[in-house]
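The values are calculated or read from the model by the stated rules, or taken from the named source; none is laboratory data. Everything numeric here is computed off the predicted structure, so don't read it as measured data. Every residue, glycine among them, receives a Cβ derived from its backbone with ideal geometry; neighbour counts consider all protein chains shown. Side chains included, ligands, DNA and RNA excluded: accessible areas come from the protein's heavy atoms. Shrake-Rupley method; radii C 1.70, N 1.55, O 1.52, S 1.80 Å.
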Amino acid sequence: AYFFLQVIYARRAFGISPPKISGPPEFERIFRAQVNSSEYFPIFLALLWQAGLFFHQGLAAALGLLYLCSRYCYVKGYRTSSSGRLAPMYFSAGVLWVLLAAAALGILHFFLSHYVGLDVLRLLTV
């Protein structure tokens with residue numbers, strides 16, 4: 001919601017009324033940052049939910065906070081210059097990869113233990 005509000009404020013500041021999406025470069029960067037964040041949000045939510053449900057809730061919550069902070073830094077960086085978005089973008093992509101790995105490991109462990117009868121965690125601790 002914060003990112004949507006930034007677009008509304010930018011529309012007012014630059015005098016761009018909907019449905020226009022083009023204007024000064026400053027407005028277009030704010031608009032693109034919001035759209036880019038919105039495009040990745042469903043992926044983030046799905047991975048967060050699966051990692052929390054199948055792997056570990058605490059780790060998923062910590063990674064979720066890291067992701068949200070990195071997207072905030074992404075929007076702030078993109079607002080100043082297009083190159084200012086790169087470091088937070090790469091960091092948030094890394095967090096998504098870690099969430100994906102946690103979700104995949106959790107789902108794999110779930111299926112192996114429930115359908116194959118193989119408890120991988122018990123085998124690793126022996």
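Points worth noting:
- For the chain, the spread of Cα coordinates along the three principal axes comes to 65, 26, 18 Å, biggest extent given first.
- Magnitude of the charge dipole, the chain, Cβ model with Lys/Arg +1 and Asp/Glu -1, debye to 20: 480
- Here the spin labels are modelled as points 7 Å beyond Cα on the Cα-Cβ line, and at LEU86 and LEU68 they lie 2.9 nm apart.
- Per residue, the solvent-accessible area of the chain (1.4 Å probe, heavy atoms of protein chains only, all protein chains present) comes to 64 Å².
- Furthest towards positive pole of dipole, ALA101, LEU68, PHE31, structure part the stretch 1-124, Cβ charges: PHE31
- Take the Cα of HIS56, step 7 Å toward its Cβ, do the same at LEU123, and the gap between the two points is 2.1 nm.
- Crossing angle, helix 57-80 versus the chain [Cα axis fit, 0-90 degrees, rounded to tens]: 20
- Share of carbon and sulfur in the accessible heavy-atom surface of the chain [1.4 Å probe, %]: 71
- With each label modelled as a point 7 angstrom along the Cα→C-beta vector, the SER17-GLU39 pair spans 2.9 nm.
- Computed helical MRE - 222 nm, the chain, DSSP H runs ≥ 4 contributing -39500 (n - 2.57), nearest 500: -27000 deg cm²/dmol
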